[in-house]
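Beneath this line is the structure, given in structure tokens, with notes to follow.
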Amino acid sequence: MLTRIAGGRILDPAQSRDEVGDLWLQGDRVIAAPDHGRADETFDAGGCVVMAGAIDIHSHIAGANVNTARLLLPQQHRAHASRPAATPLANAGWSTFETGRLYAQMGFTTVVEPAISPHHALHAHLELADTPVIDKAILAILGNDDFGLGLMRDGAGPDAIRDHVAWTLQSSKALGLKVINAGGVAAFKDNVRSFGFDDVVPRYGVSSRQIVKTLQRAVHDLGVPHPLHVHCNNLGLPGNFQTALDTIAAAEGLPLHLAHLQFYGYGAEGKLGFSSAAPKLAEAVNAAKSVTIDVGQAMFGQTVTISSDVLRQFSARAQARPSKYVIIDGDANGGGVMPYNYRDGSFANAVQFVVGLELFLLIDDPYRVYFTTDHPNGAPFTAYPDLFALLMSRDVRAQWLSRLPAEALAVTTLASLTREYSWGEIATMTRAAPARLLGLKDRGHLGPGARADVAIYRPGADLAQTFRAAVRVWKDGECVVRDGALTHYRFGRALRVSPQPDAAMTRRVAEYYDARYGLDAELLSVPEAALPREPFETVACPR
Amino acid sequence: MPVGSEASAWIAGAPAPFDAAVAEAARLLGLSAAPVFAHLGADVAGLREAVLLAEQVGGVLDHADSPGLLTNLDSVRESGAMLTTPLEAARADLVLLIGDGVFDAWPDLTPRLIDRLADGARVVWLTGSAGGRFESIAIGTGVARLAALGRLRAEAKLRPLASTPPALRSLAQSLRAAKFGVAVWSGADLEPLAVEAIHGLVRDLNETTRFSTLPLASPDACAAETVCGWMTGFPPRTGFARGRPEHDPWRYDSRRMIAAGEADCVVRVDAFASDAHIAIGLGEAPANVRFEVGRPGVDHDAIFYDARVGTFVARPAASPAGRSVAQTLAAIRARLGGPPC
Ligand SMILES: [Zn+2]
């Protein structure tokens, strides 16, 4: 099958290409224009923008905590009235099927679920296997687990930590490693109620800083393309920008990714003791070239926060709207699920909204700032189109700002920022940059050999509508979206790294599981054969 | 279970080729105005196909053990909860067992939890009437139990009531003094208000210390809850009568629907029974159509919910044989023109 996408504006920052021309697909790949050859199918992309499929590096779409949220909030996901033919369950509100459909319709073809406890990895992969169209991946969580903290306490050394990280990634079939409030969740088990970067975990005698540095080094030494993905301490608290600054400084030239930086962009200025510290954070990120961040933009409306930062979720429990929460003391990180309503009339919520936009607009390099709402924590991923419009248009921003409390604008600089993201910068931030960050060589670009994941948009006056409904989307060379509607299912794969497990560490872990739990450690690992279809694709670790 | 000469499918009690039985099952479901998928005893793949088939025919999904499951879930949906896992619960320095049914709900409770507690950890059992195996306090059931839990909560909040029995007052002090306490009960055993009272008590205790809960329900029902959750957004007692999934614990109670004559075709999936099977029809026996199916994790590879860990685990089959629930239900759905999924 030879497909020609004719006469569109081909926007491919990874290949420095921005020109009107043709794009050719054969099978599941992009190919160079053939010398002679007739397309089996031609799509006239005149007036459209042609990009690689978008990649979301941080979106909580699957797993035990997400499913707890579904079950906790039946009223939050009304099913759709119409029944789409040929796509089972796509009308089920907040099902995995709906997740795949809505992402595909926006032109997203790869999504990373960033917070899976290793013991729940099989559950997460089962949900991801039922998420149609898109490719996906999980990040496995360490940094609050008894075995790993025990290694650090006992001075096991970098080789042992590296081997344990490798074992975990292999066992849970993950693409990378995440640490969430390093040590803070373990400390909460001992009833510690606040925990900073240099606080020490009871029983283990290691600080959050040591945990982050140790895991950062292990991920780097293993050659895992995606750097350690850090959810810092003190999320959401006034004055917490200092925690983020300390964590950025601790990167010390090695790659480090900070998740949803918006939630750490808070000063304690102003008469309400809450202000934007985004300019300080942006300055630090601009200077620290080995650091990448995603924003975790907050948007207004009802949502639910889902986090493995159990300490933070517990501390914020009084803010639940409606007023109920689930806190799970897990085998390591566990989770907290709490409904929340961001209101544009609220001073604090308005500051949060503004801090996110300031980070987007003040961080210079679109290769180091990633587009997320920390779905669904800042907003559901369905808010992305509005957010694209906010970044690309000063006028759209001015309209939104006019609805916000004046006191909130007084403690931020947003009104003075004139930057507008170009289409090219959007393509970089959502395509080229995430592919590079995750080590996905055949995604995020449209060069010959790239996976034929392609999204086409027709720019219109309403930018949000432009991004909400892609004109066409191809996944692996198969056209799956027409005029903003999914036509049928196909199922993608989960991307994973596959570091060589160390025999001695495998034995050591087995002994630990036997002694602590009376179980075979293999019981809690993800067996490839157990999952349907072709479940995984291995991403190379260059080292 | 060999497939071939020996029958693995029956129509109206008579052996039939598999394809003919599939066709008859599809015909019955196609004619049905209100098909009900009851029992739902299946591995993850089987549950998945049951959900897809239910959507295809506009049917209702319920599980045999929904009552206990929904008793636990309802209070979580109402007011939230502090929860923990079976592995983490073994870290407790105080385990509070509530109700006589805890050991029925989790037969391995002693080896998997009690025996794994650290030395010095305390186990207290709030029983119905009899003295239990552990340090126990008989608090009755029903209204008496509710009153006792209310007292316990008040005492733990340091709001003493004059008539509180000394044993409960002393227990309340112990709960406050615990470093990590875990309350354990079975949803099949307790009244919904009792479950809510426990969650309230635990919420209060967390103002000063750490305490959590381990509500027990049948593992197969937990599997159905989870799979239905990610596929439809809702737990069992979800129906597709109007195309889209709708959850209604009363309306979609399969026992009620059958008793009231609302169900005109019942699909009973019982893969964990000793004679693993699917029966389709109106009455219990003989079914209009019956399929013998493989036992999950014995006759075919399977993923199911493991009470020891509180999540899914995989179990490969030693010697694969027979058709699975998933294969059988998928064949019926395909016969009805359901798109691949
Ligand atoms: Zn997140």
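A few notes on this one:
- Yes/no for residue B:222 being in contact with a strand residue (DSSP E or B) (Cβ under 7 Å, 6 or more places away or on another chain), on the phi < 0 side of the Ramachandran plot and within 14 Å of chain A (Cβ to nearest Cβ): yes
- Among helices (runs of 4 or more DSSP H) entirely within segment A:164-269, having at least 1 residues that are more than 30 Å from residue B:88 (Cα to Cα) and open to solvent by less than 10 Å² (accessible area, probe 1.4 Å) singles out A:241-250.
- Residue match in segment B:196-207 (condition: surrounded by 14 or more Cβ atoms within 10 Å (Cβ to Cβ), closer than 14 Å to residue B:127 by Cβ and at pLDDT 95 or above): no
- Residue list for segment A:509-543, filter: over 31 Å from the mean Cα position of the chain (by Cα) and either surrounded by fewer than 19 Cβ atoms within 10 Å (Cβ to Cβ) or at pLDDT below 95 (or both): A:510, A:511, A:512, A:514, A:515, A:516, A:518, A:519, A:520
- Between A:394, A:403, A:368, the distinction of being open to solvent by 10 Å² or more (accessible area, probe 1.4 Å), of a type in the set (Lys, Arg) and closer than 25 Å to residue A:59 by Cβ belongs to A:368 only.
- Subset of segment B:285-303 [out of contact with any Phe, Trp or Tyr (no Cβ under 7 Å at 6 or more places or on another chain) and within 11 Å of chain A (Cβ to nearest Cβ)]: B:301, B:302
- Boolean, residue A:117 is polar (S, T, N, Q), touching a helix residue (DSSP H, G or I) at 6+ places or on another chain (Cβ under 7 Å) and within 16 Å of the ligand (Cβ to nearest atom): no
- Which listed residue, of A:242, A:216, A:262, is out of contact with any strand residue (DSSP E or B) (no Cβ under 7 Å at 6 or more places or on another chain) and more than 16 Å from the ligand (Cβ to nearest atom): A:242
- Apart from one condition, residue A:76 fits all of (1) away from the ligand (no atom under 16 Å from the Cβ); (2) among the polar types (S, T, N, Q); (3) open to solvent by less than 30 Å² (accessible area, probe 1.4 Å); the exception is (3).
- Once segment A:355-386 is narrowed to residues that are in a loop (DSSP other than H, G, I, E, B) and among the hydroxyl-bearing types (Ser, Thr, Tyr), the residue that is nearest to the ligand (Cβ to nearest atom) is A:372.
- Listed by position, the strands (runs of 3 or more DSSP E) enclosed by segment A:1-111 that each have at least 1 residues that are under 30 Å from residue A:226 (Cβ atoms) are A:2-12, A:17-26, A:29-31, A:49-52, A:54-56.
- Matching residues, segment B:258-304, being of a type in the set (D, E, K, R), part of a loop (DSSP other than H, G, I, E, B) and under 20 Å from the mean Cα position of the chain (by Cα): B:295
- All strands (runs of 3 or more DSSP E) inside segment A:290-349 with 2 or more residues being within 13 Å of the ligand (Cβ to nearest atom) and crowded, with 18+ Cβ neighbours inside 10 Å: A:291-294, A:301-307, A:335-342
- Residues of segment B:160-176 that turn out to be in a helix (DSSP H, G or I) and open to solvent by 70 Å² or more (accessible area, probe 1.4 Å), as a count: 4
This table checks each residue for (1) open to solvent by less than 10 Å² (accessible area, probe 1.4 Å); (2) within 16 Å of the ligand (Cβ to nearest atom); (3) in contact with a Ser or Thr (Cβ under 8 Å, 6 or more places away or on another chain).
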{"residue": "A:29", "(1), (2), (3)": "no, no, no"}
{"residue": "A:38", "(1), (2), (3)": "no, no, no"}
{"residue": "A:49", "(1), (2), (3)": "yes, no, no"}
{"residue": "A:68", "(1), (2), (3)": "no, yes, no"}
{"residue": "A:72", "(1), (2), (3)": "yes, no, no"}
{"residue": "A:95", "(1), (2), (3)": "yes, no, yes"}
{"residue": "A:105", "(1), (2), (3)": "no, no, no"}
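The values are calculated or read from the model by the stated rules, or taken from the named source; none is laboratory data. As the structure is a computational prediction, the values presented were derived from the model and not from experiment. Ideal geometry is used to build each Cβ from the backbone, glycine not excepted, and the neighbour counts take in all protein chains shown. Surface accessibility is based on the protein's heavy atoms, side chains included, excluding ligands, DNA and RNA. Shrake-Rupley method; radii C 1.70, N 1.55, O 1.52, S 1.80 Å.
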